[in-house]
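Q: First the structure, then my questions, so here it is.
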Amino acid sequence: MKDLTRRGLIFGAAALAAVGIFAGVDHVASSTFVKDEPPLGPDATVEIVEFDDAGKRTGKSQVHRVRKTMAEWQKVLTTPQFVVTRKAATEIPYSGELLTEHRPGIFRCADCGTALFDAKTKFESGTGWPSFWAVIADENVREKDDFSMGVLRREVKCALCEAHLGHVFNDGPDPTGLRYCMNSVALKFVPLRHT
């Protein structure tokens, strides 16, 4: 019985040490690889390319970033939207409503309505999340290094409201070689309206 207790104590101590080491490595790696971003002032603006519901580019606008408290976001978003877009969670693969959406149209930010992807760039990646090979306009998203899972990835956020959308990987199809792997709940699909 003493051997069993001694082994449990040794394995428990080893597990705690491993967790501590991993947390330390994660902190050091995060501070090494993830670029610090300057804080945004209350009057920060961003340039956004606007699109109408027919998919036509209507021009660029310099607009104030959408700034809300977490409590304000929680009032206007569904629980899944809030957890994904404001807490940077990931929806369960193959669970999103937009995974099999193949109609012509525009995918907009669920939180603020900014145009993000044209349905023409959507493809079946087999990953369980809606995937696109290009954004509709580079200005409408921003990317940042993300080391939260112990692996360096590129997080994709809405440029206007800072909603977490998903991640971009370099294993996509031609012509870009990119795979924007997005959460369905972070997007709102607007079917193409002919004018």
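Bear in mind these aren't lab numbers, they're just calculated from the coordinates by the rules spelled out. Just so we're clear, the structure is a prediction, and the values are computed from it rather than from any experiment. When we count neighbours, we look across all protein chains shown, and the Cβ atoms used for this are built from the backbone with ideal geometry, even at glycine.
Q: Can you pull out the GluC sites (Glu not before Pro) in the stretch 46-132 that DSSP calls coil and that have at most 12 other Cβ atoms within 10 Å?
A: Glu97, Glu124
Q: What does the highest-first list of 153-166, 128-141 look like by mean Cβ count within 10 Å?
A: Going from most to least packed, we get 153-166, 128-141.
Q: Find the percent of Cα-Cα distances in the stretch 38-191 that exceed 26 Å, and round it to a whole number.
A: Across the stretch 38-191, Cα pairs with separations above 26 Å total 21 percent.
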